[in-house]
Amino acid sequence: MRIVLLGPPGSGKGTQSQRLIKRHGIPQISTGDLLRAAVAARSELGLAAKAAMDAGKLVDDSIVLGMIQERLAQPDAARGFILDGFPRNLAQAGELAKLLAKLGQPLDAVVLMEVDNDELVRRIGGRRTCRNCGQVFNVFTSPPPAGEPCPRTGAEHDLFQRPDDNEATVAERLKVYDEKTRPLADFYAARGLLRRIDAMGELEAVTARLEAALAAQAKADKPAAARKQPAARTRKRKPAPKQAVKQSKARKPAKKAAVKAKAKKTRAKGRTVVRAKTKVATKARRPVAKKAAKKKAPARKVARPARKPARKTRPVGRKTGAKAKRHR
Ligand code: AMP
């Protein structure tokens, strides 16, 4: 499964990705996470990206594309992936298509998660991340469960608010989304990949809608021929046995007729008829007698004496007749 989760900041792309990872066993690739890691590591790339991130602007395409290319080449991405926060403009979408075509791994679905602007601002305002395990919570909608410690430290989660989740930057990020990212909906709709879901409401309900959208897209993706195949096969296969039955039925009377005609000819030749008939009958009986002999020993005893007198009678009869002539 190779999918893109599309949606404004705060629409729940990251949260739903975490759930898809557990269900489908494919990695989430978030350019936001990769960029934050680069900033934290103070790498050259991170330093180049930081200013744009702090201002709520998009980071340069060349930086993001380089990171994505490297990440998609890792072995875990061969099984599939969830792209979260990438692509974010038409240029990135075009480059992604080229890259995936090269890898022979085209996208299966793009899901657009739709949320009201007021709800987005409320969600982003409550978003907090654990400094130690990286888990994301929302102090309004999904706070850390009481008594559940951080799996890294065993202590309480050490929560902090992302620097770009402040009011001013959020307004800029939403503006950038409308201008640069929203047009991707038409881009993917034109390619038959887009599914829209209502991403408002309970987490579970949104996950159910997301899974339903992915399933519907997977069904629509199957080529029409592949979907019709079973029906087509049944239609082709059915007449075959009928024909076979007809043919075998037709052949049987022909054989019978041939045997009858042969019998008629032989009957016309007087005594030869009797021999011919006896031969046919004997041939037919032999395998049965052999089988019976293998199974039951007494069957042989019964079969042999039954045939012998019939053969003896005729030659004896003939010789007797000749001898009688000579006597005369
Ligand atoms: P996110 O965590 O997806 O909200 O991203 C946080 C910030 O990282 C964004 O506001 C951008 O500055 C930057 N960023 C993330 N993904 C991209 C991308 N695909 N293209 C450009 N900038 C990005």
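Read-outs: derived from the displayed coordinates by stated rules, not from any lab. Here the structure is a predicted model, which is why all the values come from computation and not from measurement. Neighbour counts are summed over all protein chains in view; Cβ atoms, including those assigned to glycine, are modelled from backbone coordinates with ideal geometry.
Please go through the residue pairs LYS50/LYS98; LYS98/LYS222; LYS22/LYS102 and name each one whose alpha carbons sit more than 25 Å apart in this structure. Pairs exceeding 25 Å: LYS50/LYS98; LYS22/LYS102. Distant-in-sequence amide contacts of ASN132, defined by a placed amide H-H separation under 5 Å and a gap of 5 or more residues or a different chain, comprise ASP158. Whole-Hz Karplus values for the range 22-38 come out as 5, 6, 10, x, 10, x, 8, 10, 10, 5, x, 5, 4, 5, 5, 5, 5 Hz, taken residue by residue from phi with 6.51 cos²θ - 1.76 cosθ + 1.60 and θ = phi - 60°; glycine and proline positions read x.
Sparse packing (at most 14 other Cβ atoms within 10 Å of the Cβ) combined with a DSSP loop state is found for the following trypsin sites (Lys or Arg not before Pro) in the range 1-53: ARG42.
The label point for ASN132 and the one for GLU167, both projected 7 Å from the Cα toward the Cβ, are 3.3 nm apart.
Centre-to-centre, using Cα atoms only, the range 140-215 and the range 24-40 are separated by 14 Å. Among the trypsin sites (Lys or Arg not before Pro) within the range 125-206, those in coil by DSSP and having at most 15 neighbouring Cβ atoms inside 10 Å are ARG131, ARG152, ARG191. If I take all pairs of Cα atoms in the range 139-183, what percentage of them are more than 12 Å from each other? Looking at the range 139-183, the distances longer than 12 Å represent 73 percent of pairs. Checking the a/c ratio against 1.5 first, then a/b against b/c, what shape does the Cα gyration tensor give for the range 119-216? Note, shape of the range 119-216 comes out oblate.
Each Lys and Arg contributes +1 and each Asp and Glu -1, all at the Cβ; summed about the Cα centre of the range 1-79, the dipole is approximately 440 debye. Rounded, prolate or oblate: which one fits the range 32-126, using the alpha carbon gyration tensor with axes a ≥ b ≥ c (rounded when a/c is under 1.5, else prolate when a/b beats b/c, else oblate)? Because a/c hits 1.5 or more and a/b fails to exceed b/c, the range 32-126 counts as oblate.
Given +1 at the Cβ of Lys and Arg, -1 at the Cβ of Asp and Glu and no other charges, the dipole of the range 102-228 around its Cα centre is 740 debye to the nearest 20. In this structure the amide hydrogen of LEU83, modeled in the peptide plane, comes within under 5 Å of the amide hydrogens of ILE3, VAL4, LEU5, ILE29, none closer than 5 places in sequence on its chain. Do any GluC sites (Glu not before Pro) in the range 139-221 lie in a DSSP loop with no more than 13 other beta carbon atoms within 10 Å, and if so, which? Those satisfying the criteria are GLU156, GLU202.
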